[in-house]
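Participant: Below is the structure I would like to discuss, written out as structure tokens.
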Amino acid sequence: MGVVLKQSIQNTVVTYLGFFFGAINTLFLYTKILPDEYYGLVTFILASGAILMPLMAFGVHNTMVKYYSNHLETEKDGFFTLMLLIPLLGILPVALIGLIWYEPIGNWVSQVNPMVKDYLWYVFFVGLAMGYFEVFYSWAKVHLKSVFGNFMKEVFARIGVSILLILFYFELISLDLFFKCLVGLYLLRTLIIKLYAFRLRMPRLVFTFPPYTKEILSYSFLIILGGSAALILLEIDKVMLNQFISIENVAYYGVSVYIATVIIVPSRAMHQITYPLTAELLNTQNSVGLDNLYKKTSLTLFIASGILFVLIILNLNDLYLMLPENYRNGFTIVFLIGLAKVMDSLLGNINSILYNSQYYKTVLVFGVCLAALTIFLNYLLIPKWGLEGAAAASFISIFIFNTVKVVFVKMKFGILPFTSATFKVFATLVLLAVLFDLVQFQFHPILNIAFKSFLVVLMYVGILYRFNISEDVTGFLSKWLKKNTP
């Protein structure tokens, strides 16, 4: 088995494991152990730190991957030294701004929730830890070692949070110490990945930088814009809710968003495989292969994300019965964010097409404009509709962004992701949603979810197989049936 395929499979397993522990924390431990307002504060700190991350890393995590192979062995120490120093261009100004203007910034972000002001430095250190984590993770990636870093990113912090919550539940640590340990957990994660990266190649500080350092800095700055725009689309709603409503609502919103985010797990797993394939097709100018991959990834991800969306919506009421009452009013949020995630999946490998093409700068401009629109829509809709306003702002922004990307790829490459099979899958999903919405069981919520999900999936797979809607799905099922038929 090749290195890329082997690590892709291992990374897929790690990603699912991370989502499993994330679900335990988000849906059960946080909601039952931490007071609502402090869970909201945790969500605010982590979302704000994530938005700061691209600036703290200064785009180095992408720059390293792009330019590493361009260097001779004798030049790599100077290149690595530059990669370690560049993030300071983002970290030092942010730290300086925090030191000089802490009071006015603190007063501004804590107008509605005064408790936030005391935790602003926590946001800085979480962002710092996330930024340098990505730098050292990229260091491991360029040495073709991605599994351990992915484990640290997806699983380590979530298991650590589980332990901290249990310690707090048994009163072995105080609430204040919980927050300090939470920040410490992200710093520890960065230290561990640093030690791992340095074990792969211990850097020597060499201040003879590459001759095209200016080009590297320019690319890093563009990646900051792109990364910031992407994270603003994902996280800004959680941050901006703090400006308008009490902070416990951020927790309620975060739980609903996490439920919907499960939909993108297949997409995240597949993209690790399709990114290099897409890059190769673009480099060899294989337009027929690119069109086929675009359509296949779109259909496969739509099949997977669509059924996850239907299962979540059909089982949401039973899931809510297992959560505290304050967390049970997020149907609209789950529906809108879930629908946005399905749209993302429906576009298949469109991001890898755009970011590996000559048009990546144009796409970054689109992203920045959409990020600005997202902020504007949140300011407009949150005061009117509260949590649903934040979800609507995210949905509208993602819908517009995806529409722009589809049109742009059609104009530049002449390809679309949709086929007749796309509409067959859509019709099947609507049929199942309407049919099973009328079916209600009166067992324990867990049994209801398991039984209904089994019936839905069984009928879904049967329809896909019977009408041969997807060659990949039919082929996989045919092999499985032959293997398991005596």
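What follows draws every value from the coordinates through simple rules; no lab data is involved. Bear in mind the structure is a predicted one, so any value in this text is a computation, not a measurement. We place every Cβ from the backbone using ideal geometry, glycine too, and count neighbours over all the protein chains shown.
Participant: If you average 1/r across every pair of different Cα atoms in the stretch 52-206 and take the reciprocal, what Kirkwood value do you get, in Å?
Facilitator: 17.1 Å
Participant: Can I ask one more? Give the average over all directions of the projected area of the C-alpha convex hull of the stretch 331-486, one decimal, in nm².
Facilitator: Result: 13.3 nm².
Participant: Taking the Kirkwood radius as the inverse of the mean 1/r across Cα pairs, report the Rg/Rh of the stretch 429-473.
Facilitator: 1.07
Participant: Please state, to two decimals, what the Cα-based radius of gyration of the chain comes to when divided by 2.2 N^0.38 Å (N = residues).
Facilitator: Normalised Cα radius of gyration, the chain: 1.00.
Participant: Compute the Rg/Rh shape ratio of the stretch 366-417: radius of gyration over Kirkwood radius, all on alpha-carbon atoms.
Facilitator: My calculation of the ratio gives 1.14.
Participant: Over the stretch 165-273, how many percent of alpha carbon pairs lie in each 5 Å bin up to the one with the longest distance?
Facilitator: Spelled out per bin, shortest first, that is 2, 8, 8, 10, 17, 20, 14, 10, 7, 4, 1, 0.
Participant: Then there is this: How much net charge surrounds Thr43 when only other residues with a Cβ under 12 Å from its Cβ are counted (Lys, Arg +1; Asp, Glu -1)?
Facilitator: -4
Participant: Excluding same-chain residues fewer than 8 positions from Lys341, which lysines have a Cα within less than 19 Å of its Cα?
Facilitator: Lys238, Lys295, Lys296, Lys405
Participant: Let me ask something else about it. What is the projected area of the convex hull of the Cα atoms of the stretch 286-394, averaged over all directions, in nm²?
Facilitator: Value for the stretch 286-394: 8.5 nm².
Participant: Please give the charge dipole size of the chain, origin at the Cα centre, charges +1 on K and R Cβ atoms and -1 on D and E Cβ atoms. Round to the nearest 20 debye.
Facilitator: Charge dipole, the chain, about its Cα centre: 1340 debye, nearest 20.
Participant: Here is a follow-up. How large is the Kirkwood hydrodynamic radius of the stretch 407-486, counting all unique pairs of alpha carbons, in Å?
Facilitator: Result for the stretch 407-486, one decimal place: 15.3 Å.
Participant: Given charges of +1 on the Cβ of Lys and Arg and -1 on the Cβ of Asp and Glu, with all other atoms neutral, how large is the dipole of the stretch 350-486 about its Cα centre, in debye to the nearest 20?
Facilitator: 380 debye
Participant: Which loop-located chymotrypsin sites (Phe, Trp or Tyr not before Pro) does the stretch 392-486 contain, where loop means any DSSP state but H, G, I, E or B and the Cβ has at most 12 other Cβ atoms within 10 Å?
Facilitator: Answer in residue order: Phe443, Phe467.
Participant: Okay, next question. Taking a ≥ b ≥ c as the square roots of the eigenvalues of the Cα gyration tensor of the stretch 410-450, is the shape rounded (a/c under 1.5), prolate (a/b larger than b/c) or oblate?
Facilitator: prolate
Participant: What are the membrane-span-like helices in the chain by this rule: whole DSSP H runs, Cα extent along the axis at least 27 Å, mean Kyte-Doolittle hydropathy at least -0.5?
Facilitator: Once both thresholds are applied, what remains is 3-23, 36-57, 120-142, 175-200, 213-241, 265-283, 287-320, 360-385, 387-413, 445-466.
Participant: For the chain, build the charge dipole from Cβ charges (+1 Lys, Arg; -1 Asp, Glu) around the Cα centre, then report which of Tyr16, Phe366, Leu438 sits farthest towards its positive end.
Facilitator: The Cα lying farthest towards the positive end belongs to Tyr16.
Participant: Right, another one. Please name whichever of Phe451, Ile236, His271 sits farthest to the positive end of the charge dipole of the chain, dipole taken about the Cα centre and charges placed at Cβ: Lys and Arg +1, Asp and Glu -1.
Facilitator: Ranked along the dipole, the leading option is His271.
Participant: OK, next. Per residue, how big is the convex hull of the stretch 141-190 when only Cα atoms are used? Give it in Å³.
Facilitator: For the stretch 141-190, the hull spanned by Cα atoms encloses 58 Å³ per residue.
Participant: If you don't mind, another one. Using only the alpha-carbon atoms of the stretch 293-336 as identical scatterers, what base-10 log of I(q)/I(0) does the Debye formula give at q = 0.28 Å⁻¹?
Facilitator: Normalising to I(0) and taking log10 leaves -0.95.
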